[in-house]
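Read-outs: derived from the displayed coordinates by stated rules, not from any lab. Remember, predicted model here, so these are calculated numbers, not experimental data. Cβ placement follows ideal geometry from the backbone for every residue including glycine, while neighbour counts extend to all protein chains displayed.
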């Protein structure tokens, strides 16, 4: 059942949030104007009046900016819900408690990520679902916040884990704490390896070539050269940067890329068979999860060094600056 935040309930929530911000600012402004300035700092006369006017003006500007941002965000969600309704999709405001799958769920703790603005088109001719993920990498002072639009496309059969990291930009797979090891990387002839960094499980290099046929590689370079992708079991994950899908051009490209990848990857996955998969009785029904060996599901990875170094050194930066200044003085 679609959940549409653009109706009366959403307007009431946004109005309540604006009102709460206004009340909070009034309490803070009153404390500053009538206690901190005259009592704490000893300001009086015309200087007190000027300071009080400045506090009120700055606060009013901050509240106005907050109100505009909240209203704009609520309006964008309402438009996104309308787009989903017109396309026959389902819109959900918040799916942070869902298990999404892929590297994002594997490497980021649930408390460190949110998933909002979920579009569910799994019953459409080109099935997919998508959410805007915001996640935190690192801890405390060295942490960084990232926002992406993740798409999950179901495949008709399981395929070995394949990771495609775009060399053109810093996508989702580049910001996660772990990266595939160099030994897992597979370099192909032609321009494809200049566009994507390809990583596969050990021993599945030939299988990856069976999936990544020349026509599929051409589609990837034409349609998604700036995106990160990964095949995990029977799902294809595509990682876009944060998108405004209420923009017609961005929405058109979003849908076009999904359609192209669903068609091409679906064909190759349907034809793939893992020779290392556990043998089953000929009369047994082969379920999802039986079609791959355990070694086909994992790409060897390593911890990214620089985020760890930044997380360790960031708290020490003020101390280093203080020591340098002291030495200079």
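What to note about this one:
- Cα gyration tensor category, rounded, prolate or oblate, for segment 95-305 with a/c compared to 1.5: rounded
- Residues 199, 166 arranged by fewest to most Cβ contacts within 10 Å: 166, 199
- Separation in nanometres of the label points that stand 7 Å from Cα toward Cβ, at residue 275 and residue 49: 9.1 nm
- Each peptide in 293-300, 88-95, 249-256 was scored by the mean count of other Cβ atoms within 10 Å over its residues; highest first, the order is 88-95, 293-300, 249-256.
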